[in-house]
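Undergrad: For reference, the structure I am asking about is given below.
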Amino acid sequence: MKLATLKTPQRDGQLIVVSQNLKLATKVPDIAQTLQQALDNWAKCEKPLQVVYQELNEGKVKESFEFDPVKVTSPLPRAYQWADASAYVNHVQLVRKSRGVEMPESFWTDPLMYQGGSDSFLGPRDPIVLADEAWGIDFEAEVAVITNDVPMGISPEAARNHIILFMLVNDVSLRNLAKAELEKGFGFFNCKPSSSYSPVAVTPDELGKAWDGQKVHLPLISHFNGKLFGEPNAGEDMTFGFPQLVAHAAKTRPLAAGTIIGSGTVSNVDRSKGSSCIVEKRMLETIEQGKPATEFMKFGDNIRIQMLDHSQQSIFGAIDQTVMKYEGK
């Protein structure tokens, strides 16, 4: 099943069901007005939504309309919680190596995770509006899951049953602001502006055999200014699977329905597949050439992120965004 949220004057938008080929959609106000409402009542809403989805795919829904990713917000325009991990530890190791810093062995056994801002996500085609190119604007292509209510202290085995939906993420980062923030010892804040998500969120069955209950084994494809930047496989070299990340987030607190957990930047040890963010490419250049050659994003630059199934059909639709200068109000 594929779900999205139409832009409306109400900030949480309106839930719609989207056809598997991403061509048609229909509103479902009798089931749930918003995706958050559906998640809050998933046991009651899931089957009726699945019925509508099946009928939409069969062309039996009279009230259907053309699906337009420009007209949708992120599936959740805001969320009770957005926690992003760094599950590809080889990426973390590379970052530290470029700075000449050793990585603690605990990074291989205890997930890294930070709590991001979740009150104002960007839609998949919304511009990335920022005030200063000198901040070091970067994209980060990731996979994320949305949970239902998760009890505190849950095991990774049990956490798998609480993963309801999958999305793609562009976790925008301001690299030149990060170092000073980390040195304060309180973690990220200003260097993490609003993230954006794919046009649709999908249930695990939409991923077929690519979802093994732990990881999504498909390439995550990024095009920067129209050129292929990277297509690393999201299932390879992921040190911590999604159930383990959910369990880590719930170690000392319960998670509310609608919690989003991100994988962190998808990265493979095999560098021939490219990268999912600019800073990784800059780090490789620094290690190989002594200094980086690739610049961070400038105003007018475009990033497109998507994932294709084994038939080369888009699963989530594409995140397609251009960086724009913030002029203030």
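Undergrad: Can you tell me which condition GLY264 does not meet? The list is (1) at negative phi; (2) touching a strand residue (DSSP E or B) at 6+ places or on another chain (Cβ under 8 Å); (3) surrounded by 23 or more Cβ atoms within 10 Å (Cβ to Cβ), and all the others hold.
TA: Result: GLY264 fails condition (1) only.
Undergrad: Of the conditions (1) at pLDDT below 95; (2) assigned to a helix (DSSP H, G or I), PHE188 clears all except one; give me its number.
TA: (2)
Undergrad: Pairs please, first residue from the stretch 229-245 and among the charged types (D, E, K, R), second anywhere and assigned to a loop (DSSP other than H, G, I, E, B), Cβ atoms under 6 Å, 6+ apart in sequence or on different chains.
TA: GLU236/ASN268; ASP237/TYR88; ASP237/ASN268; ASP237/VAL269
Undergrad: Right, another one. State which residue pairs qualify: first residue within 24 Å of THR5 (Cα to Cα) and inside the stretch 169-198, second residue open to solvent by 30 Å² or more (accessible area, probe 1.4 Å) and in a helix (DSSP H, G or I) in any location, beta carbons under 6 Å apart, and separation of 6 or more residues or different chains.
TA: Between residues of the stretch 169-198 that are within 24 Å of THR5 (Cα to Cα) and residues that are open to solvent by 30 Å² or more (accessible area, probe 1.4 Å) and in a helix (DSSP H, G or I), there is no close pair.
Undergrad: Look at ASP138 and say whether it is over 30 Å from ASP40 (Cβ atoms) and among the acidic types (Asp, Glu).
TA: Considered against the rule, which asks whether it is over 30 Å from ASP40 (Cβ atoms) and among the acidic types (Asp, Glu), ASP138 comes out as yes.
Undergrad: So which residues in the stretch 164-185 are more than 21 Å from THR73 (Cα to Cα) and either outside any loop (DSSP other than H, G, I, E, B) or among the hydroxyl-bearing types (Ser, Thr, Tyr) (or both)?
TA: Residues satisfying the conditions are LEU174, ARG175, ASN176, LEU177, ALA178, LYS179, ALA180, GLU181, LEU182, GLU183.
Undergrad: Which pairs do you get when a residue that is among the charged types (D, E, K, R), found in the stretch 44-67, comes within reach of a residue that is open to solvent by less than 90 Å² (accessible area, probe 1.4 Å) and outside any helix (DSSP H, G or I), reach meaning Cβ atoms under 7 angstrom, with the pair 6+ apart or on two chains?
TA: Listed by first residue and then by second, the contacts come to GLU55/VAL61; GLU63/THR26; GLU66/LEU24.
Undergrad: Something else now. Going through the stretch 156-176 one residue at a time, which ones are farther than 23 Å from VAL246 by Cα and open to solvent by less than 50 Å² (accessible area, probe 1.4 Å)?
TA: Hit for the stretch 156-176 is LEU174, nothing else.
Undergrad: Can you tell me which residue in the stretch 214-261 is farthest from ASP119 (Cα to Cα), limited to those that are among the β-branched types (Val, Ile, Thr) and open to solvent by less than 10 Å² (accessible area, probe 1.4 Å)?
TA: Checked the stretch 214-261; the qualifying residue farthest from ASP119 (Cα to Cα) is VAL216.
Undergrad: Now, a different point. Quick check, is SER194 closer than 17 Å to GLN20 by Cβ, at pLDDT 95 or above and either polar (S, T, N, Q) or open to solvent by 40 Å² or more (accessible area, probe 1.4 Å) (or both)?
TA: Taking the combined requirement at face value, the residue does not satisfy it.
Undergrad: Restricting to the stretch 267-282, and then to whatever is surrounded by 24 or more Cβ atoms within 10 Å (Cβ to Cβ) and out of contact with any strand residue (DSSP E or B) (no Cβ under 8 Å at 6 or more places or on another chain), can you tell me which residue is nearest to PHE296 (Cα to Cα)?
TA: Among those that are surrounded by 24 or more Cβ atoms within 10 Å (Cβ to Cβ) and out of contact with any strand residue (DSSP E or B) (no Cβ under 8 Å at 6 or more places or on another chain), it is GLU280.
Undergrad: Moving on to the next point. Looking at the stretch 285-302, I want the residues that are more than 16 Å from GLY230 (Cβ to Cβ) and have a partner that is of a type in the set (Gly, Ala, Ser) with Cβ atoms under 8 Å, at least 6 apart or on another chain. Which pairs are those?
TA: THR286/SER98; ILE287/SER98
Undergrad: For the stretch 104-155, name all the residues that are of a type in the set (S, T, N, Q), open to solvent by 40 Å² or more (accessible area, probe 1.4 Å) and over 29 Å from GLN93 (Cα atoms).
TA: Residue satisfying the conditions is SER120 alone.
Undergrad: In addition: Which condition number in (1) part of a strand (DSSP E or B); (2) farther than 27 Å from SER314 by Cα is the one that ALA158 fails?
TA: The failed condition is (1).
Undergrad: Still on this structure, please answer the following. So which of SER86, SER19 is over 27 Å from LYS192 (Cβ atoms), in contact (Cβ under 8 Å) with a residue 24 or more places away in the chain and either surrounded by fewer than 19 Cβ atoms within 10 Å (Cβ to Cβ) or of a type in the set (Ser, Thr, Tyr) (or both)?
TA: That would be SER19, the only listed residue that is over 27 Å from LYS192 (Cβ atoms), in contact (Cβ under 8 Å) with a residue 24 or more places away in the chain and either surrounded by fewer than 19 Cβ atoms within 10 Å (Cβ to Cβ) or of a type in the set (Ser, Thr, Tyr) (or both).
Undergrad: Another question about this same structure. What's the total number of residues in the stretch 1-16 that are in a strand (DSSP E or B) and surrounded by fewer than 22 Cβ atoms within 10 Å (Cβ to Cβ)?
TA: Residues meeting the conditions: 2.
The values are calculated or read from the model by the stated rules, or taken from the named source; none is laboratory data. Since the model is a prediction, treat every value here as computed from it, not as a measurement. Heads up, the Cβs are rebuilt from the backbone with ideal geometry, glycines too, and the neighbour counts pull from every protein chain shown. Heavy atoms of the whole protein, side chains included, go into the accessibility calculation; ligands, DNA and RNA do not. Shrake-Rupley method; radii C 1.70, N 1.55, O 1.52, S 1.80 Å.
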